[in-house]
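A short write-up of the structure that comes next.
Since every read-out is calculated from the coordinates, none of them should be taken as a lab result. Because the structure is a prediction, the values reported are computed rather than measured. Quick reminder, even Gly has a Cβ in these numbers, built from the backbone with ideal geometry, and neighbours come from all protein chains shown.
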Amino acid sequence: MSISWKILKLETVPSLEGQTDVATTSTIVCYWDYGDGKMSYRTQKVVGLNCDNVGTDPNFVDYANITEAQALTWTKAALSDGPVDLVAMMEAEVQAAHDSVVNPQPAPPAPVPWA
């Protein structure tokens, strides 16, 4: 089992601060798979990307030239930028779901009728 990440969608605006085709929002999924490429359990978030000072950013990349690796880096940075690390939270959720399938907890015994 491995935890994986995938960008499902990027949304853009035509222009922002003098730049064109600016990615502003990302839909990301964190999931586990068993090596068959299928998402066995997944959690998904829509994330606003950091567009602060995009007009003066020397490393700006327009939509047509964004790689999935860049989109993942930007999106995970946005998820981690706050009081709660949402990357860790999403990975923990996926791990817990996996663990509950692989090592299910037995149901508590039913009470006896004479108790």
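Using C-alpha pairs below 8 Å separated by at least 6 residues, the relative contact order for the range 2-102 is 27 percent.
Per-residue extension of 0.36 nm, minus the Cα-Cα distance of residue 112 and residue 45, leaves a gain of 19.6 nm for this segment.
Would you mind getting me the FRET efficiency between residue 70 and residue 33? Use the beta-carbon distance for r and R0 = 30 Å, nearest 0.05.
0.85
Here residue 105 and residue 2 are evaluated by their C-beta separation; at R0 = 22 Å the FRET efficiency comes out at 0.40. Across the range 2-102, counting alpha-carbon atoms alone, Rg and Dmax equal 15.3, 51 Å. Protection proxy ranking, highest mean first, for peptides 56-67, 74-85: 74-85, 56-67, where packing is the per-residue count of other beta-carbon atoms within 10 Å, averaged. If a/c stays under 1.5 just call it rounded; otherwise compare a/b with b/c (prolate if a/b is bigger, oblate if not). Do that for the range 44-115, with a ≥ b ≥ c from the square roots of the Cα gyration tensor eigenvalues. The shape class here is prolate.
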